[in-house]
1. Would you give the gap between the C-alpha center of region 1-52 and the C-alpha center of region 87-125, rounded to a whole Å?
2. Within region 206-271, list the chymotrypsin sites (Phe, Trp or Tyr not before Pro) lying in a DSSP loop whose Cβ has at most 11 other Cβ atoms in a 10 Å radius.
3. If you only keep lysine pairs separated by 8 or more in sequence, or across chains, how many in the chain come under 23 Å at the Cα atoms?
4. On C-alpha positions alone, give me the angle between the axis of helix 258-267 and the longest principal axis of the chain, in degrees, nearest 10.
5. Expressed as an acute angle from 0 to 90° and rounded to the nearest 10, what is the orientation of the C-alpha long axis of helix 63-76 relative to the principal long axis of the chain?
6. For residue 179 and residue 201, compute 0.36 nm times the residue count separating them, minus their Cα-Cα distance, and round to one decimal in nm.
7. Would you kindly state how much longer the chain becomes between residue 3 and residue 61 on full extension, computed as 0.36 nm times their sequence separation minus their alpha carbon distance, in nm to one decimal?
8. Points 7 angstrom from Cα along the Cβ direction at residue 148 and residue 281: gap in nanometres?
Amino acid sequence: LAASGSALATALLAALLEQRGEAAASERAVQSVIAAERDKPAEASLAQHFYARGVHYLNQALPQSAERCLALAHRLKPEAPGPAEQLGNIGWRTGDTDAGEHWYGIALANTRAEERGALRVKALLDTLPQIYASKDAIEASRQRFEREIEALIDDPPRVASYESLINTTPFYLSYQGRDDHALLGKLAALLAKACPSLEWRAPCVDDAPVSGRPLRVGFVSAFLSGHSVGSWYAGLVRRLIESGRFEIGLFTLHDVEPRLAETARLQATHVALDKSLERAREDRKSTRLNSSHIPLSRMPS
């Protein structure tokens, strides 16, 4: 098919040749595709096709398939930051920090100036190692993390939407076995500068203590079913609700372990949050948690 001039077949042939170690032949095939597509709109190009397929495979938790597609998209359009950024994301998902740093570096070099700050934050969070060779490696990682946060605080990016541009957390920091309070405080200060809307405060919040009122405890999680977090904590949260000692608010994304969901429906405040921070805030604007339980179990089908 490639011999007949099919650009798609030629691009796939380039990938196969690269896997066979025939780098020169692979590069010739890539260059012929680039030449054939020179006048095509970007959204109709094969690079866009493979980029979209790579993102699809990422969403399906198939990082190897995603990597093949995204690597080909990058070869076809090396100046585009999207494929490199997603390849950095794959490095994070698979625990290959070196690969993550490499690809995020390429993405940062190619991204627009107004988007570079948000990508720097994302790259910082996504290149925290999962496993360390030594205690010295942990310290080096923490020092690099702190230096980059401080540099970003001095020149904070402006981020309109945290979840669309960054959408990650320093999850693996907690695996280092150190006191993270100061580092997380600096990260919070950076994010508040970069995206002031993160400091939004619900108008119904009342900090004044109420005599005789049970202690209010809120649990927020996306992993209270079908996940190790749910296996460890769903039962604990359910028991706390059943004890009647606390006023529990349960705020969840995705499904909830059935017994916990039923207990929360009967004895607690349970809100299914929208993935959008803005919409989730709108859902809660007119709701006040108080000592009388409010039936707010709204788990959409």
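The values are calculated or read from the model by the stated rules, or taken from the named source; none is laboratory data. The shown structure was predicted, so the numbers you read here are calculated from the model rather than taken from an experiment. Cβ coordinates were reconstructed from backbone atoms using ideal geometry, including for glycine residues, and neighbour counts include every protein chain displayed. For the accessible areas, the whole protein counts, side chains as well, though only heavy atoms, and no ligand, DNA or RNA atoms are used. Shrake-Rupley method; radii C 1.70, N 1.55, O 1.52, S 1.80 Å.
1. 25
2. When the chymotrypsin sites (Phe, Trp or Tyr not before Pro) of region 206-271 are filtered for loop state and at most 11 Cβ neighbours within 10 Å, nothing remains.
3. For the chain, qualifying lysine pairs total 8.
4. Tilt relative to the chain: about 40 degrees.
5. The helix 63-76 is inclined about 50 degrees to the chain.
6. 5.2 nm
7. Result for the pair: 17.5 nm of gain on full extension.
8. Inter-label distance under the simple model: 2.7 nm.
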